[in-house]
Amino acid sequence: PKAGDNNKLFVCLSGARVASKNVLPHLQRWKWNSRFPGSTLYLSDPSFRYNPQLSLGWYVGTKEKNWLKDLAEIIEIFAHKQGLSSSDVILYGSSAGGFASMKLTEIIEGAVAIAINPQTNVMMYIPSFVKSFLRSNFDTENLGFNNDRLTIMNSNILSKNSKIFLFQ
């Protein structure tokens, strides 16, 4: 925590990267750390370690493993160690990071998501990026592939006690 913080945890989630240029971990906006009025936690998409050639992973994981659940647990543990509740968590991201921030509110009840230009359905994004992601993480290239982790449209986001600020 920073001196004078207002008892909030800002979790920053990253969007796309250029695999040949960006070193891992891929942490966007880390220079903004001092501007957030609270503690900050920056999370790189685990997809980039799973497949270093990926440009986008949306933090969703693989067909076997839901990384969003694991990340939510890490965030909640971190918040708890700071003496904060889930309603003190603010999830911030743009593009794929914005998508992940909204999806995490399904799991972290009471959290706030600030999503800048997020995708709301991974399958509707640029087909070449989607195919690359699906091939790597879900062992398919089928653009008709259906998985609830890839959309916010079929989710329980609005039934949870969460707030989402979406900027398009």
| note | Log10 I(q)/I(0) at q = 0.23, 0.24, 0.32 Å⁻¹ for the range 52-102, from Debye over equal alpha-carbon scatterers, is -0.93, -0.98, -1.19
| field | Choice from V23, V122, V60 with maximal GNM fluctuation in the chain (Cα, 10 Å cutoff) | value | V23
| note | So for R0 = 25 Å, FRET eff. of N146-I126 from the Cβ-Cβ r, to 0.05, ends up at 0.85
| Helix-derived [θ] at 222 nm for the chain: sum -39500 (n - 2.57) over DSSP H runs of at least 4, divide by residue count, nearest 500? | -7500 deg cm²/dmol
| Cα Rg, Dmax (largest Cα-Cα span) when computed across the range 66-168, Å | 14.2, 44
| note | With all protein chains present, the range 1-135 has a carbon and sulfur share of its accessible area (1.4 Å probe) in percent of 53 percent
| Accessible heavy-atom area order of M123, M153, highest first, probe of 1.4 Å | M153, M123
| note | Taking every C-alpha to C-alpha distance in the range 1-131 and binning by 10 Å from 0, the per-bin percentages run 13, 45, 32, 9, 1
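The values are calculated or read from the model by the stated rules, or taken from the named source; none is laboratory data. Remember, it's a predicted structure, so these values are computed and weren't measured experimentally. No Cβ is skipped: glycine too gets one built from the backbone with ideal geometry, and neighbour counts run over all protein chains shown. Just so you know, the surface numbers come from the protein's heavy atoms only, side chains and all, with ligands and any DNA or RNA stripped out. Shrake-Rupley method; radii C 1.70, N 1.55, O 1.52, S 1.80 Å.
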